[in-house]
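A short write-up of the structure that comes next.
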Amino acid sequence: MGAASPGLGDNEAVKVNDAIALGQRLLPQTPGIPDPRREARWLLAHAWGVEEAWLVSNPGGSVPAPVLARYRAWIERRARGEPAHHLTGTCTFWGRRFAVSAAVLIPRPETELLIEAALSLDLPSMARVLDAGTGSGCLAVTLALEWPSWEVVAVDISCEAARVASRNAATLGACVRVVCGDLSAALAPGFGLVAANLPYIPTNMLGTLPVEVQHDPRRALDGGHDGLTLVRRLINDLPRILAPGGWALLELGEEQSSEAVRLAGQAGLVAVRTVRDLGGCERILLLRKPGGVEPVTGREA
């Protein structure tokens, strides 16, 4: 950080408060970093492997040299717009810490709405569940851990992403079969639930995304001309792979639910309801294949 970061490069011991203050000055205040001091403290805690509360209660503690070096590098990269979770290599989802890398989409809080919706369904205790486009595996692993009797399969076209998902399943003790493949094309029918957070950003909107988001793999963001290229393909295959009465939960982008409902109707599926996120977007669409018991009640899509 050169002359702009006095103290971080010195041999003298650097105190916790001084390291945080220097990081605060070097991080730009942007939509992705609304509170530079909070961001600097978070990065220092992760570089050190301690809780933020410990840093707050020990402001005069000396930062070990290896920790300081790691923190320095992270602050520099974060100031250039690299996502904080790419720096630490982890992201919390549904209360669990998942490994992430540049090969996968960083899990977003709104995706937890899909987990809530899935766990509210009256599925058979031994249901087969598919996570299409698994990325880090956060959906598949969470569903497998929350309902261990489900048979969970996760698929991703990126074999590197599939390896990240497999590692997360093993680390967190989830029984998930991870497959490197193209959506549901190579899978046998009979799934009681298909969950998917597929790319849904229209291609012409990719350049307008926040710089942090643009560090995610393009393949995990680019949804084609209308953002629904992969969603459309999956919906068209749902009648084949879903068991009678089976469910599909799709995460969608802004103003995409109406078109997704139309596509589902053309495929012979029932649009049961949508779930709005905190911003009011109809983020999760619940679809059902006719057959079995009646759909759960909810706001009609």
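Read-outs: derived from the displayed coordinates by stated rules, not from any lab. Owing to the predicted nature of the structure, the values given are computational and were not obtained by experimental measurement. All Cβ positions, glycine included, derive from the backbone under ideal geometry; neighbour counts span all protein chains shown.
If N is the number of residues in segment 94-174, what value comes out of its Cα radius of gyration divided by 2.2 N^0.38 Å? Before the final figure, lay out the partial values.
Details: Rg = 11.9 Å, N = 81, 2.2 N^0.38 = 11.7 Å.
Segment 94-174 yields a ratio of 1.02.
Name the trypsin sites (Lys or Arg not before Pro) in segment 44-140 that are in a loop by DSSP and that have at most 12 other C-beta atoms within 10 Å, would you? Don't jump to the answer; show the numbers that get you there.
On the way: sites: 70, 72, 77, 78, 80, 96, 97, 128; in loops: 80.
Counting only loop positions with at most 12 other Cβ atoms within 10 Å, the trypsin sites (Lys or Arg not before Pro) in segment 44-140 are 80.
Given the convex hull of the Cα atoms of segment 2-81, what is a quarter of its surface area in nm²? Before the final figure, lay out each step's value.
Numbers: hull surface 18.9 nm².
Answer in nm², one decimal: 4.7.
Could you state the angle between the C-alpha long axis of helix 159-172 and the longest principal axis of the C-alpha atoms of the chain, as a value from 0 to 90 degrees rounded to the nearest 10?
80
Taking every Cα atom in segment 153-301, find the radius of gyration and the maximum pairwise distance Dmax, and write them in Å.
Taking only Cα atoms of segment 153-301, I get Rg and Dmax of 15.8, 46 Å.
Among 122, 277, rank each residue by its count of other Cβ atoms within 10 Å, from fewest to most, as a rough exposure measure.
Placing the least packed residue first, the sequence is 122, 277.
So which cysteines of the chain have no other cysteine's Cβ under 4.7 Å from theirs?
91, 138, 175, 281
Working out 0.36 nm times the residue gap between residue 214 and residue 53, then minus their Cα-Cα distance, what length gain in nm do you get to one decimal? Can you show the working numbers first?
Values: separation 161, 0.36 × 161 = 57.96 nm, distance 3.11 nm.
Roughly 54.9 nm would be gained on extension.
What's the exposure ranking of 105, 87, going from fewest to most Cβ atoms within 10 Å? Walk me through the numbers before you get to the answer.
Values: 105 22, 87 18.
Fewest-to-most Cβ neighbours within 10 Å comes out as 87, 105.
What number results when the radius of gyration of the chain, computed over Cα atoms, is divided by 2.2 N^0.38 Å?
Values: Rg = 21.6 Å, N = 301, 2.2 N^0.38 = 19.2 Å.
That ratio works out to 1.12.
Sort the following peptides by mean Cβ neighbour count (other Cβ atoms within 10 Å, averaged over residues), highest first: 47-58, 147-158. Kindly include the intermediate steps, with their values, before the conclusion.
Numbers: 47-58: 13.8, 147-158: 20.5.
For the peptides 47-58, 147-158, the packing ranking is 147-158, 47-58.
For segment 191-213, list residues with backbone N below 13 Å from a point placed 7 Å from the Cα of residue 254 toward its Cβ?
201-202, 205-206, 208-210
By counting other Cβ atoms within 10 Å of each Cβ, how are 258, 125, 166 ranked from fewest to most? List each step's numbers first, then the result.
Working: 258 13, 125 8, 166 19.
Arranged by neighbour count, lowest to highest, 258, 125, 166 become 125, 258, 166.
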